[in-house]
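Chemist: One structure coming up, written as structure tokens, with questions to follow.
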Amino acid sequence: MSAPRQDPLRDPRFFADPYPTYERLREGCPVQRIPSGSGGHQAYLITGHAEAREAFTHPDLSKDTARFFAGRPSGRDLHPAVSRTMLASDPPEHTRQRRVVTPLFSTGRVRELRPYIARVAGELMSAWRPGTDVDLVAELAVPLPVTVVCELLGVPEPDRTALAGWSHDLFDATDTARVDAASHRIGDYLTHLVDTARATPGDGPLPSLLSDCDAGGLDRDETVSLAALLLVAGHETTTHFIGNAVLALLRHPEAYDRLRRDPDLIPGALDELLRHDSPVSVATFRHSTRDLRVGGFDIPAGHPVLIAPGAANRDPAAFPDPHRLDLDRDATAHLSFGHGIHRCPGAPLARAEAEIALRTLLTRFPHTRLTTPAAPLTWRRTRLTRGLTTLPVTLA
Ligand code: HEM
């Protein structure tokens, strides 16, 4: 079938609601050639669930972004701490760094963090009053993950707002100069933070992270880049998880009522909430290192390959009646956290944060509703993540 002539992932209608576009593309072909970016490059977009799973583990799809752009003008000026993370690397490099990261989010470590997460969520809602309106994105979904990830990295409180702002700018698909500038601010800041912590040894989360990095053989640049990855990967994604989950529940009163009556059902509902509106819409950059096939479709060597969990999660072949939020379905095969060797190591932390945010909201303000008259909801203009810019709710 013929490829679309415009990049379908840059259309304003896509940002507002990607699902009709995804459906159209998947019905055309689940592995689809599309024009990508402003330079008229061709990329391959994967929208089918089986094809996405296959692509996530394909040995000839590389995550080594530097290798792809070697000798090609990228036109970008990203700080290396942001552009050369383990998420942009292949084994054996990736394996070495991943060994340091996995234990950071073990069940035990996340369990230890839960009281802290609950305290932050409680404090954020402490000034909220029934009958008033709040922007749930600005007042809960943004500050909760930022505070938690800054705590993990030992970022002093006065610096957290600036760091959150730069991290937010990094996802601005409409302004590459701003993205590049934000990457330098983050890279410079974290380099300083790591160097200072090394010069003044003490206790706490950052010295503990640094000793894990030392034990894993990570050098200074790799340590800074790991800190940058944790900040960037752990913040915006979890913000969108919380925002999208609350919106889905407010739009599905039966599901909302079930969780309100029995908040112990919340952990079991998280997979379906993640599936229904994936915070990561299109996974990060991959490219084909040789001619290959995914799902029986050809992908020639040397092309960017975009795997879309947002589309795969709504593939009717994997999830019947996929647009319906159905808390009774088994949604565990969703691809919101990716799949294969780069699968999100922070998933247990993201789940804990979302669960605690929802539990605190539903317990303290059980009859919260969307503020009426509803202004049209606006979404971040980036194909990578899917999330609201604001979510006005009336507390009750
Ligand atoms: C709901 C929230 C989250 C979602 C939806 C999410 C999603 C993802 C996805 C899809 C990937 C793989 C990307 C790819 O293969 O292209 C990934 C990787 C990663 N995520 Fe998450 N993530 C979330 C929260 C977090 C948190 C809280 C952290 C840590 C603080 C984190 C740290 C990472 C890291 C370090 C990687 C790179 C793994 C590797 O390269 O092996 N994420 N995440």
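Chemist: Tell me, which residue of the stretch 91-140 that is more than 20 Å from the chain's Cα centre (by Cα) and acidic (Asp, Glu) is nearest to THR372 (Cα to Cα)?
Modeler: That would be ASP133.
Chemist: Also: If I ask for residues that are in a loop (DSSP other than H, G, I, E, B) and among the aromatic types (Phe, Trp, Tyr), which ones from the stretch 122-181 would you list?
Modeler: TRP128, PHE171, listed by residue number.
Chemist: Please list, ordered by residue number, the strands (runs of 3 or more DSSP E) wholly in the stretch 242-313 having 2 or more residues that are surrounded by fewer than 20 Cβ atoms within 10 Å (Cβ to Cβ).
Modeler: 292-294, 297-299
Chemist: Can you tell me which residues in the stretch 59-81 are surrounded by fewer than 21 Cβ atoms within 10 Å (Cβ to Cβ) and at pLDDT 95 or above?
Modeler: Result: PRO59, ASP60, SER62, ASP64.
Chemist: Now for a different question. Find the residue count for the stretch 225-248, including only residues that are of a type in the set (A, V, I, L, M, F, W, C) and either closer than 19 Å to GLU157 by Cα or away from the ligand (no atom under 16 Å from the Cβ) (or both).
Modeler: Counting residues in the stretch 225-248 that are of a type in the set (A, V, I, L, M, F, W, C) and either closer than 19 Å to GLU157 by Cα or away from the ligand (no atom under 16 Å from the Cβ) (or both) gives 5.
Chemist: Tally the residues that are in contact with a Ser or Thr (Cβ under 8 Å, 6 or more places away or on another chain) and within 15 Å of the ligand (Cβ to nearest atom), restricting the search to the stretch 49-103.
Modeler: So the answer is 17.
Chemist: Here's another thing I want to ask about it. Search the stretch 4-20 for residues that are farther than 18 Å from TYR44 by Cα and in contact (Cβ under 8 Å) with a residue 12 or more places away in the chain and pair each with any residue that is of a type in the set (Ser, Thr, Tyr) and surrounded by 17 or more Cβ atoms within 10 Å (Cβ to Cβ) when their beta-carbon atoms are under 8 Å apart and the residues are at least 6 apart or on different chains.
Modeler: If the second residue must be of a type in the set (Ser, Thr, Tyr) and surrounded by 17 or more Cβ atoms within 10 Å (Cβ to Cβ), the pairs left are PHE15/THR382.
Chemist: Before we move on, is LEU9 buried (at least 20 other Cβ atoms within 10 Å of the Cβ) and either within 16 Å of GLY340 (Cβ to Cβ) or at pLDDT 95 or above (or both)?
Modeler: In short, no.
Chemist: I'd like the full set of residues that are touching a helix residue (DSSP H, G or I) at 6+ places or on another chain (Cβ under 8 Å) and under 21 Å from ALA350 (Cα atoms), limited to the stretch 126-147.
Modeler: Once the filter is applied, which keeps residues that are touching a helix residue (DSSP H, G or I) at 6+ places or on another chain (Cβ under 8 Å) and under 21 Å from ALA350 (Cα atoms), the stretch 126-147 yields LEU136, VAL137, GLU139, LEU140, ALA141, VAL142, PRO143, LEU144, PRO145, VAL146, THR147.
Chemist: Ok, one more. Report yes if GLN32 is on the phi < 0 side of the Ramachandran plot and either in contact with a strand residue (DSSP E or B) (Cβ under 6 Å, 6 or more places away or on another chain) or of a type in the set (D, E, K, R) (or both), otherwise no.
Modeler: yes
Chemist: So if I check each of ASP277, ASP271, ASP262, which one is within 16 Å of the ligand (Cβ to nearest atom) and farther than 22 Å from LEU370 by Cβ?
Modeler: Result: ASP271 is the single residue among ASP277, ASP271, ASP262 that is within 16 Å of the ligand (Cβ to nearest atom) and farther than 22 Å from LEU370 by Cβ.
Chemist: Among the residues of the stretch 356-396, count how many are among the small types (Gly, Ala, Ser), over 22 Å from the mean Cα position of the chain (by Cα) and closer than 16 Å to LEU144 by Cβ.
Modeler: 0
Chemist: Another question about this same structure. The conditions are (1) surrounded by 19 or more Cβ atoms within 10 Å (Cβ to Cβ); (2) within 21 Å of LEU218 (Cα to Cα); (3) not small (Gly, Ala, Ser), and LEU144 fails exactly one of them. Which is it?
Modeler: Status for LEU144: all satisfied but (2).
Yes/no matrix, rows are residues, columns are (1) of a type in the set (S, T, N, Q); (2) more than 11 Å from the ligand (Cβ to nearest atom); (3) under 30 Å from ARG67 (Cα atoms):
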| position | (1), (2), (3) |
| --- | --- |
| PRO304 | no, yes, yes |
| ALA331 | no, yes, no |
| ALA347 | no, no, yes |
| LEU358 | no, yes, no |
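Chemist: Follow-up question, since we're still on this one. Restricting to the stretch 162-172, what's the tally of residues that are buried (at least 16 other Cβ atoms within 10 Å of the Cβ) and within 21 Å of PHE15 (Cα to Cα)?
Modeler: 5
Chemist: For ARG109, indicate whether it is free of Cβ contacts under 8 Å to residues at least 60 places away in the same chain, surrounded by 12 or more Cβ atoms within 10 Å (Cβ to Cβ), of a type in the set (Lys, Arg) and within 14 Å of the ligand (Cβ to nearest atom).
Modeler: yes
Chemist: Which members of the stretch 15-66 meet the condition of being touching a helix residue (DSSP H, G or I) at 6+ places or on another chain (Cβ under 8 Å), more than 12 Å from PHE297 (Cβ to Cβ) and aliphatic (A, V, I, L, M)?
Modeler: LEU25, ILE34, ALA52, LEU61, ALA66
The values are calculated or read from the model by the stated rules, or taken from the named source; none is laboratory data. Predicted model, so just to flag it, every value in this text is computed and none were measured. As a convention, Cβ positions derive from the backbone with ideal geometry for all residues, glycine included, and neighbour counts pool all protein chains shown.
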